[in-house]
Every structure is written in structure tokens, then in C-alpha cells.
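Since the structure comes first, as C-alpha cells, the remarks are kept for the end.
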Amino acid sequence: MTTTLSFSQNRNNLSDSNNDNLELRELPEIVLTKIGDDFSIYLPEKHPDLYVQQLQDFFISYDLGKDFEGYDNYLVIMKNDKGVLTARYNEKGKLINVIEKYESIILPNEVLYSVSKNFPGWDIVKDKYLYAQSDGHIDKKEYSIKIKNDKKTKRLLLSSNGEILKGLD
């Protein structure tokens, strides 16, 4: 069974002065949910982008309830203007894995610093973020970035701490 939840925002530019007084509650370091004799574990991220934070907050507050009963797997898909969060549960309602994908978000300072230090004069023209976890362990946390300098472009893969994992071009 697949459930899709979606919400949108009327914010086009998060740096817009109308968003200066936006507040978001602090997300917990870890979310534990007791499922029978077992636990589901979700690790929200302290990300600088409000769209990422809001989608994670929405997921944390989602009540799975009894929706999963009678199914071998249960898939929940949540979307906003910048990304999608997909969560898979087993037949007992235990969270198996979460995959989050975002585009055109505010990048962490470590990523911005690494790109500007290693590629002075280059501009970031496109970014994608992948955050995946299973059974309470982070599997992937990486940024795919396209940079441009005059007519030259490069694609990079960076870790969340700014380490360049590989140049894709």
C-alpha cells in the first residue's frame, strides 16, 4: 500500500525579507517509536534549509495509526516544494528506511566553504541533496552540485561536511 501526503508553501525565496521572522521548532536528535516489542528509529537532521526541516517535522508528527494493518509493506511518501521523503514500514508498522531527496535548497556552510575554497570564481548553479537511513543508521548524506565558471561546468559530489567525494565531470 502506498500513501502520499503533500503540502505546499507560498514561499518562493527563503532569503526574502518576509521570511526573516519564520520560526521552526527544534527537531529532536533522534525519534524513537515503540512498535510492540521493537522500536522504530528516525534521525532528523539539523539542516539549514527550512524546506528540509519542515518536511522532517511533518514526517515526525505523522501518525501512522492502524493504516498499515493487513499489508506486508507500507510506503509513505511526503512532498513539499523542494523535496520528497519516502518511508517504508514493515507489516508490524516498524520503520525500515527513509529516503529524502531535495533540490535547490540552502546548502550547509561546510559545503559552501568547500566549493568556494576548492573552486574560487565558480558559482553553484544547481544542487541536489540525498539523505538516506535504515534501521536508525545513516546510509547516505551527500550533495550533488553543479558549478559553473564562464562557459565551463563541473559536477561534484560532496559529503555533508564539505569533503569532495568525486568530481563527476
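The values are calculated or read from the model by the stated rules, or taken from the named source; none is laboratory data. The shown structure was predicted, so the numbers you read here are calculated from the model rather than taken from an experiment. Cβ placement follows ideal geometry from the backbone for every residue including glycine, while neighbour counts extend to all protein chains displayed. All accessible areas refer to the heavy atoms of the entire protein, side chains included, with ligands and DNA or RNA removed. Shrake-Rupley method; radii C 1.70, N 1.55, O 1.52, S 1.80 Å.
Taking (1) without any contact (Cβ under 8 Å) to a residue 24 or more places away in the chain; (2) under 27 Å from residue 161 (Cβ atoms); (3) in a loop (DSSP other than H, G, I, E, B) in turn, residue 70 satisfies each apart from (2).
Taking each residue of region 26-41 that is more than 16 Å from residue 87 (Cβ to Cβ) and looking for partners that are of a type in the set (A, V, I, L, M, F, W, C) with beta-carbon atoms closer than 8 Å, six or more apart or interchain, yields 28/60; 29/43.
So in region 72-90, with the set limited to residues that are open to solvent by 70 Å² or more (accessible area, probe 1.4 Å) and touching a Phe, Trp or Tyr at 6+ places or on another chain (Cβ under 8 Å), which one is farthest from residue 38 (Cα to Cα)? Please lay out each step first, then the result.
Here is the first cut: in region 72-90, the residues open to solvent by 70 Å² or more (accessible area, probe 1.4 Å) are 72-73, 79, 81, 88.
So of that shortlist, the ones also touching a Phe, Trp or Tyr at 6+ places or on another chain (Cβ under 8 Å) come out as 73, 79, 81, 88.
On the way: 73: 16, 79: 28, 81: 34, 88: 16 Å.
Among residues in region 72-90 that are open to solvent by 70 Å² or more (accessible area, probe 1.4 Å) and touching a Phe, Trp or Tyr at 6+ places or on another chain (Cβ under 8 Å), the one farthest from residue 38 (Cα to Cα) is 81.
Only residues that are of a type in the set (Ser, Thr, Tyr) and more than 13 Å from the chain's Cα centre (by Cα) were counted across region 145-169, and they come to 2. Checked against (1) loosely packed, with under 15 Cβ neighbours inside 10 Å; (2) modelled with pLDDT under 95, residue 139 passes all but condition (2). When region 101-120 is limited to residues that are farther than 27 Å from residue 81 by Cβ and without any contact (Cβ under 8 Å) to a residue 24 or more places away in the chain, the one that is least open to solvent (accessible area, probe 1.4 Å) turns out to be 120. Against the list (1) in contact (Cβ under 8 Å) with a residue 40 or more places away in the chain; (2) over 21 Å from residue 55 (Cβ atoms), the condition residue 77 fails is (2). Pairs linking a residue in region 156-169 that is under 16 Å from residue 123 (Cα atoms) to a residue that is at pLDDT below 95 and among the small types (Gly, Ala, Ser), with Cβ atoms under 7 Å and 6 or more positions apart or on different chains, are 156/167.
Results for (1) at pLDDT 95 or above; (2) polar (S, T, N, Q); (3) in contact with a Cys (Cβ under 9 Å, 6 or more places away or on another chain); (4) surrounded by fewer than 16 Cβ atoms within 10 Å (Cβ to Cβ), shown as yes or no for each residue.
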position: 92; (1), (2), (3), (4): no, no, no, yes
position: 95; (1), (2), (3), (4): no, no, no, no
position: 99; (1), (2), (3), (4): yes, no, no, no
position: 122; (1), (2), (3), (4): yes, no, no, no
position: 127; (1), (2), (3), (4): yes, no, no, no
position: 144; (1), (2), (3), (4): yes, yes, no, no
position: 158; (1), (2), (3), (4): yes, no, no, no
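If you go through region 32-58 and keep only what is of a type in the set (A, V, I, L, M, F, W, C) and out of contact with any Gly (no Cβ under 9 Å at 6 or more places or on another chain), you end up with 50, 58.
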